[in-house]
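J.: A single structure is presented below for examination.
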Amino acid sequence: MWLQLANNAMVRYFPITLQAGYLTKQGAKWGTQRARQNQVIQSATGSPGNPSPWTLLHGQEIVIDLASPFVYLGRLVGEGGGFVELEGVDVHDLRDTSTTRERYILDCRLHGVRPNRHRVWVRLADVVGVSRLADVVVE
């Protein structure tokens, strides 16, 4: 499935849902835990004839939501081997504050990212959502 972004760029989209503890792709259960992780990583990193959707985000400030109570905000500088690399990163543990994930991301959009790490590698198997910080809606 292809999605058209606001800048008219086309990106490949792989619908993935969490159902009864298993990742499913268009309703069909994947095999073992390792096979599920490999499918997610392959979808995110592209293939030889199919470029990675990450290439559209290189050099931009992005928000990465994890399944755990962590959120990463920083500039994307690389991806590969099942990881993405960010620079100037704000790693935020939502257990440390009473602020919601949405409120924290909105505050970073309004006031800028306050880095607490120079460089971070994030494992793709843990990622549940990615967006450009500029795409966060301010109302």
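The values are calculated or read from the model by the stated rules, or taken from the named source; none is laboratory data. From a predicted model like this one, the values you see are computed outputs, not experimental measurements. Virtual Cβ from ideal backbone geometry, glycine too; neighbours counted across all protein chains shown. What goes into the accessible areas is simple: the full protein's heavy atoms, side chains included, and nothing from ligands, DNA or RNA. Shrake-Rupley method; radii C 1.70, N 1.55, O 1.52, S 1.80 Å.
J.: Quick one: if the Förster radius is 22 Å, what FRET efficiency do ASP107 and LEU66 give, using the C-beta to C-beta distance and rounding to 0.05?
T.: 0.75
J.: Another question, then. Using the Karplus curve 6.51 cos²θ - 1.76 cosθ + 1.60 with θ = phi - 60°, work out ³J(HN,Hα) for each residue of the range 125-139 in order, rounded to whole Hz, and write x for Gly and Pro.
T.: 5, 8, 7, 10, x, 9, 8, 6, 4, 5, 8, 6, 6, 10, 10
J.: Quick check: with the 1.4 Å probe, what order do PHE83, PHE70 take by accessible area, largest first?
T.: Heavy-atom accessible area, descending, gives PHE83, PHE70.
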